[in-house]
1. At most 16 other Cβ atoms within 10 Å and a DSSP loop assignment: could you name the trypsin sites (Lys or Arg not before Pro) in the stretch 41-75 that fit?
2. Could you give the length gained by full extension between ILE96 and SER153, i.e. 0.36 nm per residue of separation minus their alpha carbon distance, to one decimal place?
3. If I model a spin label at VAL84 and LYS188 as a point 7 Å from the Cα along the Cα→Cβ vector, what separation in nanometres do I get?
4. Does the stretch 25-137 classify as rounded, prolate or oblate by the C-alpha gyration tensor (a ≥ b ≥ c root eigenvalues; a/c under 1.5 gives rounded; else a/b over b/c gives prolate, otherwise oblate)?
5. How about LYS73: which lysines have a C-alpha closer than 18 Å to its C-alpha, ignoring those fewer than 8 places off in the same chain?
Amino acid sequence: MKISTSIRSLVLVVIIGLFMTSCASTGILERSRTVSVTGTGTVAVIPDLASFSISVSELGETTKEAQSKANAKIGRLREIIRAVGIEDKDLATTSIGFWPEYKWIENEQILVGQRASQNLYVTVRGIVENPTILGQLIDSIGEVGSISVSSISFSKENTTEAYTTSRLLAMEKAMQKAQEYAKGGGMKLGKPLSIQDYATTDYQPAPRNMAKADAMYMAESSYGTDIPTGELSIISTVSVVFEIH
């Protein structure tokens, strides 16, 4: 009798275990009914900001003399920059340096003077409304001798609307891709369970309409440096996990 009861208890435990395993397996199967997709949305915008660096380097017999020469040249550059309407908030000194300068003469290192340098960072606004301002500014700056201009870059002051549009496009493409997968598998697409967003900006150096840009520039000026601004690509990528059933 005790043996029979033990056997019945063992059978009951096995049945319960099998039932729980079956339920767990079903739960795992249901939880695994998802599809993960990515979508990318791109919006092209025209830059309205330009930035570049100006470097001044002067040699003098003393540090004070070299610094005085550099300061005078920077002052002249500031006058030129302000003359085209650029405000002081868009001018920033990024570095100032002094060091001795040597020259090798007949295998001997000779001190030839003291070197002073300054770097100025300039931001030019309104390059869409005034497409010739950047080229004219570069030409005017070039009249100041012994300087270097480098690191010209373009950007967009307000990208909020462009990023909103690119995110919506990215989500639409992700949903379209998920619907195609669900349909191909004979299932229906459910709600999104998770969304991850990644945003980047890509600069395309080729202008959107070179002929139009050149025509506009030539109509307003018969000379000067032409600096095409190109396009900025505002890119959003979303990674979405959808239910499918």
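Read-outs throughout are calculated quantities, based only on the coordinates presented, and are distinct from any laboratory measurement. Small disclaimer: the values here were computed from a predicted structure and weren't measured. Heads up, the Cβs are rebuilt from the backbone with ideal geometry, glycines too, and the neighbour counts pull from every protein chain shown.
1. Numbers: sites: LYS64, LYS69, LYS73; in loops: none.
Of the trypsin sites (Lys or Arg not before Pro), not one in the loops of the stretch 41-75 has a Cβ with at most 16 other Cβ atoms within 10 Å.
2. Values: separation 57, 0.36 × 57 = 20.52 nm, distance 2.21 nm.
Length gained, ILE96 through SER153: 18.3 nm.
3. 6.2
4. oblate
5. Reachable lysines: LYS64.
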